[in-house]
Each structure stands twice: as C-alpha cells, then as structure tokens.
Amino acid sequence: MSRPDRRVIAGVAGLGAVGILIGGAFAGLLGEAVNDWSGAVSAFDTYMLRVTRFTLWQAALSTLLSVVPALLVARALARHPHFAGRALILRLFALPLALPAIVAALGILALLGRAGLFADVLTAVTGTRWQGIYGLSGILVAHVFFNLPLATRLFLHALETVPTDQRRLAAQLGMGARASFRFVEWPVLRAALPGVAGLVFMLCVTSFTIVLTLGGGPRATTLEVAIYQALRFDFDPARAVALTGAQIVLTAIVVALLMRLGANMAGDANLPVASRAPAVAGRAERILNSTVMLVALLFVAGPLAAIVISGLQADLARLAADPAVHAATATSLVLALLAGLLCVLLSLSLTMARRAMELKRPRNAAPSLLERMLDTGAGFVLVVPPIVVGAGWFMLLRQTGQVFAIAPVMVVTVNAVMAMPFAIRALRPAYDAASARHEKLCASLGISGINRFRLVDWPSIRRPLCTALAFAMALSLGDLGVIALFGSDAVQTLPYLLLARMGSYRTADAAGLALFLGIICLMLMMLVDRTRSRT
C-alpha cells in the first residue's frame, strides 16, 4: 500500500481550516437562530425589505455609473496606444485598487464634504449651505472611484485581445471610428461586459466600509452595515441572524450568476502600459477621446490629491508621537503579516495538493470530489463576506465572554482566508509550471518533502509567493469589516483608529492617519508590481 502524499495531507488540512472558519460562523448563526427563532423570523419585516432594496439599488446604480463610462475610457485608451500620458493614466488607475476603502472615503470627503475643498463652490451653486456628500450620492461617488478604474482596465484588456491583423484590415478598408467600433471593438467588449458588470455589482453588494463611512443614516444602509449595527449598537442577535441569512442568500445568487457569466472573481486587472495594436483616429475623435480621458483622470486623481493635501495639513508630528498611533500601527502591521503568512501557507497547501492529485489521476478519469474542492474551495469564501463570518463567530463566542479578547485571532484568520482566491491566482500558474518541468526528475532522483520544496519549488514560486504575501498584507491592512465587530480600546488597528477619530469629529487626525495608511498600502502594492515585473 502506497504512502499518502504529504502534499495532499497538507492540502486537506488547509481545506479543513477554511471549513472550520466558515462552519464555525454558520454554527454561531444557526445556534442563535435556534435560541431565538421567533425573533429571527420577526426580523423579516419592512426594515429588512428596505435595506435589501437599497443594497440592490445602490449596487445597480454604482455598476451602471462605473461600467458605461469605463467602456468609453477603455476605448479611448485603446484608440490612442502611443500617446505620452497613457502609461501615467494606467498606473494612476491602479492606485484605487491598492487604497483601503476608508482612505478613499476620506479623500472624497476632503473634496466634497461639508468642509471640503469644493464646499464653497457647491454652496454657491445650490444656493444653500452645502451639507456634504453623504447618503446615496456619497456611496455612488466612492464606488465609481474604485470601480471605474477596475472596469476600464478589464475592458482595455479585452480590447487588447483584438488581433493586430483585424485592426490593420479595418484601417485598410477605411473604416471610421463608428464602423471600427461596431465591427471590431464592440464584439469583444460585448463578450466582456456581463462578467465585468457582474464583478462590479458583486463588489458593490458586499461593500461595507464605504457605506459605513458615507451612508449617512438609516436611509442609506446596506445589509452588511445593518448586521454591524444590530450587533454593536442595538445588540439584537436575532435581527443580525436574519440580516446575515439575507446577505448570504443575496451574495450566493450574485456569485452563481457571475460564475455562469464567466466573471473573473479575483478581479485581476494588471496590464502592460503599451498596446500592440495600431489605431488611427481623426481630429474629432481625438478631441472627444482626450476629453473622456481627461475627465476620468480628474475624477480619479481628485480624491487621491485630496488625501495627500488634507493629510499634509494635519499635525503629522503630533500624530507620529501619539502612543495610540504607535500601538495601532504596530498592531496593524503584525496582524497583516500574520494574515499574509497564513494566507500564503493555506493557498500553497491547496495548490500543491491539487497538483499532486492531478498527477496521480488517470489521464481520462474525471477529477475526484476532493480534487475539485482543492481546486475551487477557496473561491467559495467569496460567497460569505467577512462581516458575515465575523458576525457568526461573534455570536458563537459571546457566550464565553471572550469576544473582544479573541479579536486578533479573528482578524488574522478571516483576512487570511478572504485573500486566498487572490493568492492562489498568483501561486498556482508558477507552481504548476514548475511541477510540469521537474516532476519526473524529482521522482527519478527520489527528491521529496522539504528538500524538494527548498531545491526545486522555491526558486520557481519565490516571486509569486512574495506577490501573494504583499497583496494579502495590503488587504488585511485596509480591512475594517472584522475589526469593526471585534475591535475595542485594547485592540485597535489603523483603520479602526481612523474610524474612531472620525466619529469623534477629529477630522484632521483622521486625514493624517489616512495618508499614513495609504502610504503603507501603496508601498506594499509597489512591491507587488516589482515582484510581478521580474517574474
């Protein structure tokens, strides 16, 4: 009887850890529902209907306002592949993907808030004192800030798959901008449109930090924010269970539709900054495309510039000497590093186990259930948003009286698991390619275990592993979902401290902290780009 492959054992252990995290959350929710089932049932009232309707409405509007302009911007970039500012625009459009949501929200408020840079102008235009961009309008602006660059880059990627021969043929036939769009560009955009729109819609449905920061009250509350409010402010576990059930059902439906449409759940939008396809545009089209790109550039650059300006106006020296800031920074970095390491460990174990089972499977045999779970298991965590996992464990642990003491463990584990789909996307191609090159040689030489990993696998996966680690750390650094439930005066991260300073109307301090947090996350993402460019 052959000895089981240790890679498979490690993968099963990693899959079991993910199952325990998700299963524990569901156990907490089900336990609370059983204890107070009448309260959970009665929570399906007009309030839940209103919150669910607003969740879908803001997501639909955000998707429309993000995707339609993104089509225009992507086409403008594709039609002008060699102009000097193209690389700058693409790099600028990558920055919102690296910024924590709460930092971007501060940037938008610095522009359009009650005391923002444009407050006086907006007061003069409206004729009444500008009260700030809160509620639905603030949520929409923030979502478009994040999702317009993402959708643009995804659409541009689709346009760059158009064969160069087709573009040359269109030019030789004298096709103008309209004919070129109809016969060359629109077919690929139409194929990408459902997946991109579905992905943006999913991101907006599960948005927590933006709605919490800019929602502005009960009239602009989504399901995730309502769960947080039910646990931390109202302490109504029965209502939280009902809201969580509604959120899970809604998210599962959206994810199922996304998979049916073939959407990329990881949202990888990395692009080269130079296009291979030649394009010829007339004067009128050049003016129109330049206007489109300039407006998009100003829309994205405005909040980024406001973050820097408002942050520099804060008393940075005092913040740098504040013990609370020191503690929050140290806590954030330690938790982010632990979350990143755990994420990489789990992702690598699943990747190696899946590959080992694939190699042992007969050529024409169908994958086993375990192999399919190792292949797609990490992706299922996207069905359960972090606030839902946190809510389930909050209810499970509240009987012990150790809810807030367990905060570091919850932040690390939830953030690690939620970053796994992105980490696996970075690790799997490199590991599978290395395995295809070296598997037979390792078997013939008897190299296995730690020696194989050290001598064979590590040189091939070192850079993608560092990319996955940095990305997972950046996601964890900017997270507010889990720490918003489990955070306390004893355990504070930078986003939690930033939110607390905002809540106490210390906006200058919040701006300084936002600048500090943004710089840390951007440095991590620069490390991601650097390691990826060397791969």
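Structure data summary
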read-out: Efficiency of FRET between W37 and A252 - r from beta-carbon atoms, R0 25 angstrom, step 0.05; value: 0.70
read-out: Additional length obtainable on full extension of the chain from H326 to F83, 0.36 nm per residue less Cα span; value: 83.0 nm
read-out: Taking S460, S207, S504 and counting other C-beta atoms within 10 Å, the order from fewest to most; value: S504, S460, S207
read-out: Equivalent ellipsoid semi-axes - Cα gyration tensor, the stretch 39-102, angstrom; value: 40, 15, 6
read-out: Sequence ranges 471-483, 407-419, ranked by mean other-Cβ count within 10 angstrom, highest first; value: 471-483, 407-419
read-out: Helical mean residue ellipticity (222 nm; -39500 (n - 2.57) per DSSP H run of 4+; nearest 500) of the chain; value: -25000 deg cm²/dmol
read-out: M526 versus T376: modelled label distance in nm, points set 7 Å from Cα along the beta carbon direction; value: 4.0 nm
read-out: Kirkwood hydrodynamic radius of the chain, Cα pairs, Å; value: 24.8 Å
read-out: Between the stretch 99-157 and the stretch 364-422, the alpha-carbon center distance in angstrom; value: 32 Å
read-out: Neighbour-count order for L154, L341, fewest beta carbons within 10 angstrom listed first; value: L341, L154
read-out: Cα-based equivalent ellipsoid of the stretch 38-311: semi-axis lengths in Å, sorted from largest, via gyration tensor; value: 38, 24, 14
read-out: Residue-wise HN-Hα coupling along the stretch 63-76, computed from phi with Karplus coefficients 6.51, -1.76, 1.60 (Hz; x: Gly, Pro); value: 5, 4, 6, 8, 6, 4, x, 4, 4, 5, 5, 4, 5, 4
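Taken together, the values in this text are just the output of simple stated rules run on the coordinates, not laboratory data. Please read all numbers here as calculations on a predicted model, not as lab measurements. Please note: Cβ atoms are built from the backbone with ideal geometry, for glycine as well, and neighbour counts cover all protein chains shown.
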